Amino acid sequence: MNILLTGGAGYIGSHTAVTLTEAGHQIVIFDNFCNSDKSVLDRLERILKKRLPLIDGDVRNTALIAQTLEKFQIDTVIHFAGLKAVGESVDRPIEYYANNVQGTISLLEAMSLVNVKSLVFSSSATVYGDPQYLPIDEEHPTSATNAYGRSKLHIEEMLKDVANSDREWKIICLRYFNPVGAHESGLIGEDPNGIPNNLVPYIAQVAIGNLEKLSVYGGDYPTLDGTGVRDYIHVMDLAEGHLAALNYLSTNPGWIAVNLGAGKGISVLEVLNEYEKASAKSIRYSIEKRRAGDIASCFAKVDKAKKILGWQTKRNVHDMCASGWLWQQYRKNLP
Ligand code: NAD
Ligand code: UFG
């Protein structure tokens, strides 16, 4: 199949590009590099021994998307492109709605113009808001506590309307839990700008010596060791989830949402411990007060992915930390 990856130069998109290419699909990357670097194309070439075609553009450029869909005879689009920092979305909501919601509208306009009606959308566990029960299944009520989450919810709802309006559309919303880790080569990985907000990129910076210590946000949650619990998923497992979603879409019209997680909660201290083992470094930390807006625990029920997509995770938290550490060491020497 010919597949367009919007935001394909980013963290999850680049790993998915590897998995899909290795499965025999023809990939085209469409990215404006607002949160990624063009050198990822060189590194993908080293992994794949093949240069992936790139369109440097913004998804809000409807004409350019339509042109790209036609030029490469695209069958399916995977829509990763978007802004994703929760805190930033609270300060700059207009940018988030413009990029995420308007970007998706532009993509849908282009797709319907040239009659490409198959779409995988990068959604998030954030659409569940504060969990009312655990593990979280796809029937859990949705809500949003910030502009980022609300942009994902708006898009999911919009996509449902589109699928209801025309039976030719095939749309799957993949609700990712907490993606971490890197490709086993260590040549691509997560590359956040500035001081990381997320746990594993922050731990990596402490391990490599760029940051002094990790602040563990809260040691008094009602969890096994008092620290926050999340469902961490290896980014290569996540990439394989996209491959499974494409297979599902090929025969299933309509709209569906599916959780992609490991289905298991891991605490901050457990992650820290695994990262110490993987990196053979001692990682300094202190327990601080809870971060505003955080929840105690969040993990997925993954039965639907297993049943409908025939997919489940294969890698464990050690694999996540070991691959992440390999990438971290490679990344420190990048220009
Ligand atoms: P990322 O920032 O690494 O990748 C996003 C890519 O999209 C970047 O390369 C960026 O340059 C590009 N982009 C952004 N706006 C664009 C636009 N208007 N036009 C063209 N390109 C644009 O993020 P990621 O972690 O790879 O996330 C991919 C998707 O998955 C996002 O939609 C994100 O919201 C979603 N998601 C991520 C996580 C996570 O923790 N990483 C969790 C749940 C959902
Ligand atoms: N944490 C720390 N110290 C840090 C960073 C995080 O203790 O420096 C803790 C948090 O309190 C939480 C856990 O590590 O208990 C995970 O935090 P992350 O920031 O890595 O991830 P979140 O689960 O808070 O949020 C992530 C994405 C959101 C997305 C959500 C659900 O950042 O965009 O997962 O998918 F909405």
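The values are calculated or read from the model by the stated rules, or taken from the named source; none is laboratory data. Keep in mind that this is a model prediction, so the values were computed, not measured. Heads up, the Cβs are rebuilt from the backbone with ideal geometry, glycines too, and the neighbour counts pull from every protein chain shown.
Okay, here's what the table says:
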quantity: Residue match in segment 12-26 (condition: touching a Pro at 6+ places or on another chain (Cβ under 7 Å) and under 18 Å from HIS242 (Cα atoms)); calculated: yes
quantity: Residue list for segment 103-127, filter: more than 16 Å from ligand 2 (Cβ to nearest atom) and of a type in the set (Gly, Ala, Ser); calculated: GLY103, SER106, ALA110, SER112, SER118
quantity: Criterion: touching a residue at least 24 places away in the same chain (Cβ under 8 Å) and within 13 Å of ligand 1 (Cβ to nearest atom) - qualifying residue of ILE266, ILE256, ILE233, ILE208; calculated: ILE233
quantity: Leading residue by the ranking (farthest from VAL271 (Cα to Cα)) among those in segment 144-169 that are within 16 Å of ligand 1 (Cβ to nearest atom) and among the polar types (S, T, N, Q); calculated: SER151
quantity: Filter result for the condition that a residue is touching a Phe, Trp or Tyr at 6+ places or on another chain (Cβ under 7 Å) and among the basic types (Lys, Arg), over LYS50, LYS84; calculated: LYS84
quantity: Members of segment 251-280 found to be over 19 Å from GLY324 (Cβ atoms) and either away from ligand 2 (no atom under 15 Å from the Cβ) or modelled with pLDDT under 95 (or both), listed by number; calculated: THR251, ASN252, PRO253, GLY254, TRP255, ILE256
quantity: Some residue of segment 170-186 being buried (at least 23 other Cβ atoms within 10 Å of the Cβ), away from ligand 1 (no atom under 16 Å from the Cβ), of a type outside the set (Ser, Thr, Tyr) and at pLDDT 95 or above; calculated: no
quantity: Single residue of segment 96-128 satisfying the filter (surrounded by fewer than 18 Cβ atoms within 10 Å (Cβ to Cβ) and within 10 Å of ligand 1 (Cβ to nearest atom)) that is farthest from ALA244 (Cα to Cα); calculated: ALA98
quantity: Scope segment 224-250; condition within 16 Å of ligand 2 (Cβ to nearest atom) and either of a type in the set (A, V, I, L, M, F, W, C) or touching an Asp or Glu at 6+ places or on another chain (Cβ under 7 Å) (or both); matching residues; calculated: LEU224, GLY226, GLY228, VAL229, ILE233, HIS234, VAL235, LEU238
quantity: Number of the exception - ASP58 against (1) of a type outside the set (Val, Ile, Thr); (2) within 14 Å of ligand 2 (Cβ to nearest atom); (3) surrounded by fewer than 20 Cβ atoms within 10 Å (Cβ to Cβ); calculated: (2)
quantity: Failed item in (1) farther than 25 Å from ALA244 by Cα; (2) out of contact with any strand residue (DSSP E or B) (no Cβ under 7 Å at 6 or more places or on another chain); (3) within 13 Å of ligand 2 (Cβ to nearest atom), with LYS84 passing the rest; calculated: (1)
quantity: Failed condition for THR145, given (1) in contact with a helix residue (DSSP H, G or I) (Cβ under 7 Å, 6 or more places away or on another chain); (2) modelled with pLDDT under 95; calculated: (1)
quantity: Qualifying residue in segment 145-161 (condition: on the phi > 0 side of the Ramachandran plot, within 14 Å of ligand 2 (Cβ to nearest atom) and out of contact with any Leu (no Cβ under 6 Å at 6 or more places or on another chain)); calculated: no
quantity: Failed criterion for GLY82 (all others in (1) touching a Cys at 6+ places or on another chain (Cβ under 9 Å); (2) within 11 Å of ligand 1 (Cβ to nearest atom); (3) of a type outside the set (Ser, Thr, Tyr) hold); calculated: (1)
quantity: Enumeration of residues in segment 90-112 that are among the aliphatic types (A, V, I, L, M), in contact with a helix residue (DSSP H, G or I) (Cβ under 7 Å, 6 or more places away or on another chain) and at pLDDT 95 or above; calculated: VAL101, LEU107, LEU108, ALA110, MET111
quantity: Residues being of a type outside the set (A, V, I, L, M) and part of a loop (DSSP other than H, G, I, E, B) - total across segment 152-201; calculated: 19
